[in-house]
Amino acid sequence: MSWQVWLYVAAVLIPLVAFTMQLLFVRVLGRLNAYLATGAIALSFVLSLVGFLSYFAQARGVFSHHAVSQAGPEQVVEGTAPGEHAEHAESHHEPLAWKGSFNWITLGSDTLFGQGKSAAGTLSVPLGVYIDNLAVIMFLMVTFIATLIHIYSMGYMHDDPRYPRFFTYLSLFCFSMLGLVASANVFMIFMFWELVGVCSYLLIGFWYEEKKNVDAANKAFVTNRIGDVGMLVGLGILWTTFGTFDMNSLNRGFSAAELRHPESFRITRDVAHETVSVQVPETNAAGQEVKTTYKIPYWMLVVAGLGIFAGCVGKSAQFPLHVWLPDAMAGPTPVSALIHAATMVAAGVYFVGRFYPLFTDEVLLYIAYTGGITLFIAASIAVVQTDYKKVLAYSTVSQLGYMMLGLGVGGWAAGLFHLITHACFKALLFLGAGSVYHSVHTYEMPVLGGLRKKMPITAYTMLAATLAISGVPFFSGFYSKDAILASAWFRVFAEHGQSGHILLFLLPAIGAAMTAFYMFRMWFLTFGGEPRGYPPVAAGDHGHGHAAHGHGDHHTGNPYDHAHESEPIMTWPLLALAVPTIFVGWTWWIGLPFGEPVLEQMLAYGEPLRAIDLGAAHYYAMFASLLVATAGIGGAIAYYAPSWSSLFSYNVPAPLRRRLEARRTAERFGGVYNFLVHKWYFDELYWAVLVRPTLAFCQLCSRFDKMVVDGIVNSSAWLTELLSRAEGLFDKIAVDGAVNLVAKGVYATGDWSRSIQTGRLRNYLMFLAVAVVGLFAGVFAWIKG
């Protein structure tokens, strides 16, 4: 194996070593746990950076014009030893990949599952590492953001009594995510997939003393398990058909099978009757690569794709399993930043991108519509939230919908490009939100305002992130959203300007406008204008149930009065994240919209399918992106940037000013407003349709258990007791009576015979004489007769 493989193995295992040491020596290390955890993830970041530089120094044709469009399916060069590989691209058309594996479990078997595939007497479960351009970029992103979150947490969590345990969980979380990214086969991915879910459960419910936090952790865990059932079905179909866990081999086989139309959504296959031939590369006993052809019904391939996507729906909080993510705000804010930016929710999008060649046209269309519906629903709910952390939560759901839609319409590089840019600006937004809460101890935006004067670093770094997520030019989000909109435009209007799926362009366009609106609304209400404070009637009760564990609301009056900028250990990560928030999406032309952004080219280098030249679609998408961003920001300024603000001042006629008051608009559209405040009634719907019937069924089972099962058991016990009592009476009266009667007779006889033993010699002589006389009399009588 090449040294780069060992480099990434070390980057994965270092957080695990740190976790083990923290777990075993938590009482000895105490608060030093934080330094151990932070040092471990920082070292992983350094190794990831070295690997990133090494990869793109060796990779050929990354930035060549149309290099990817001519590449075709991904190929790797196998190593020379069985079980250990180190591939290096040998031509311009073969993306570089580093790979290493060994057989973890080998079981004897005559036949592997799936259409009678014969094996050489063994069934192997491998552990391996597969590092391509996507894994290299993901490693760098995850470790960079996780390192900053660790540093930030040292300030944010400094007063928490379980400070050491928090960093122990963070180390396990980072190990799980890095292991998932580096995994070479679906078996490993599923192991780390579940481990990520366990870590999120532990961190969301970290402050478990409060019931709402425990409920949120349970909700996240159960909702993700629902999606995982579908994922197991999909993986089971693949395993039983192809008999291999190796993801790269499956992807290469699916890529060559041409499961979809390259230009647009033209679903022409006979789903019910068609059979697909897939050639899967395998390594034989001699270490040589051979291709084995398998046939699978097309409908089964569709089911496998939908099943695998179901797991991603749960993990990335897509409709209809999106309800867990906003409740995950119950955890500490650094956890929210880690879950929402770099780890758990990113895993679903990453897995769709990693298994992309598997998805047929039907599955991709479903993915696209799922993403579009998700982004629209979440954005509409975020518009009316008053808790700035909940705004960011629904924003995350919406942006994940963007990524899924981008992948669904064929923009593989675009969807993953937005995953990276979103990770940077969303981590910055959440850490900025934590800085605000650390200062004012409330999440309610209506009582804030004017904080930019006291918290300039927090305010303006969050402004940079707000500009990025709103799609403003020269900020990273503009380029990734433009890429997704361009892919959607191309897919929708590719066939002679006609389309039956125009919603796949309209939904992200409308969602982008709403995103710009609610994000600037959040910034204006929190940092713009003048301080508002609590209404007098609520001055003694301004926590509103939003105070988090360990950071209770200790103040009254106006939160602005005690606001202050956070300490440097919390502001430095904000400044560090502001840099990629601005620059990570830039093109070579100093950010000017000419050509592809550098990061998108890095991703597109390893695109698993033949890339398509979007041509003029980029310009249409750019125009639409600028239009919707302007509309959204303009609406936010009109409603929430007051005319007396020193930062945003404009003159608006009084009648129009009154019509542009948010409160009046909410009253005017009261039905819609209440519908959105209640989050489209998803929680109520799930409670009525799923939770309540489930509880009723459980209660029915409980009653059945008590009345029938317990009744049978109790009746059996009563009958057994009755029989035991009868047997006891028989034993006492009959058996014991007979035994006691014999004993009493023996006792009476003994007692009578005891009277003979008088102890007097004359009595004994008399008895002896009587006996002798009796003896002679008997003998005489016997002789006489």
> Quick one: what does P(r) look like for region 427-474 with 10 Å bins over all Cα pairs, in whole %?
Replying inline: 25, 55, 18, 2
>> Using the Karplus curve 6.51 cos²θ - 1.76 cosθ + 1.60 with θ = phi - 60°, what ³J(HN,Hα) values do you get for each residue of region 694-701, in whole Hz, with x for Gly and Pro?
In response: 5, 5, 4, 5, 5, 5, 4, 4
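Given a cut-off of 22 Å, name the pairs among 315/389; 219/389; 212/706 whose C-alpha atoms lie farther apart than that in the structure shown.
Values: 315/389 20 Å; 219/389 18 Å; 212/706 30 Å.
Violating the 22 Å limit, Cα to Cα: 212/706.
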>> If I take R0 = 22 Å and measure r between the Cβ atoms of residue 701 and residue 225 in this structure, what FRET efficiency does the formula 1/(1 + (r/R0)^6) give, to the nearest 0.05?
In response: 0.65
> With every protein chain present, what accessible area does residue 683 have (1.4 Å probe, heavy atoms only), rounded to the nearest 10 Å²?
Replying inline: 50 Å²
> Sorted by packing (mean other beta-carbon atoms within 10 Å per residue), highest first, where do 514-522, 710-718, 182-190 land?
Replying inline: 514-522, 182-190, 710-718
> Counting only residues 5 or more places away or on other chains, whose amide H sits under 5 Å from the amide H of residue 282 once H atoms are built in the peptide plane?
Replying inline: 290, 291, 292
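Quick one: net charge of residue 186's neighbours, Cβ under 10 Å, K/R +1, D/E -1? Can you show the working numbers first?
Details: positive: 354; negative: 246.
Surrounding charge for residue 186 is 0.
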> What does the charge add up to near residue 176, with Lys and Arg as +1, Asp and Glu as -1, over the other residues with Cβ less than 13 Å from its Cβ?
Replying inline: 0
> Once phi is turned into ³J(HN,Hα) by the Karplus curve 6.51 cos²θ - 1.76 cosθ + 1.60 with θ = phi - 60°, what whole-Hz value does each residue of region 217-233 show in order, with x for glycine and proline?
Replying inline: 5, 5, 4, 5, 5, 5, 4, 5, 5, 4, x, 5, 4, x, 5, 4, 4
> Going highest first, how would you order 460-472, 302-314 by mean Cβ packing within 10 Å?
Replying inline: 460-472, 302-314
> Using modelled amide H (1.01 Å from N, peptide plane; none on Pro or chain starts), what sits under 5 Å from the amide H of residue 185, excluding residues fewer than 5 places away?
Replying inline: 128, 247
> region 291-309 to region 701-768: how many Å between their Cα centroids?
Replying inline: 76 Å
> Counting other Cβ atoms within 10 Å, which trypsin sites (Lys or Arg not before Pro) in region 724-778 have at most 11 and lie in a DSSP loop?
Replying inline: 760
>> Taking θ = phi - 60°, what integer Hz values does the Karplus form 6.51 cos²θ - 1.76 cosθ + 1.60 yield along region 717-729, in sequence order, with x for Gly and Pro?
In response: 5, 5, 5, 4, 5, 4, 4, 5, 5, 4, 5, x, 5
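Given contacts defined as C-alpha pairs under 8 Å and at least six residues apart, what's the relative contact order of region 182-234, whole-number percent? Intermediate results must be reported in sequence, preceding the final value.
On the way: 23 pairs, mean separation 13.2, N = 53.
For region 182-234, the relative contact order is 25 percent.
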>> Can you give me the long-range amide H partners of residue 276? Hydrogens built in the peptide plane at 1.01 Å from N, cutoff under 5 Å, separation of 5 or more residues or another chain.
In response: 296, 298
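The values are calculated or read from the model by the stated rules, or taken from the named source; none is laboratory data. The shown structure was predicted, so the numbers you read here are calculated from the model rather than taken from an experiment. Note that we place each Cβ from the backbone using ideal geometry, even for glycine, and neighbour counts take in every protein chain shown. When the accessible area is computed, the model is the full protein with side chains, heavy atoms only, and any ligands, DNA or RNA have been set aside. Shrake-Rupley method; radii C 1.70, N 1.55, O 1.52, S 1.80 Å.
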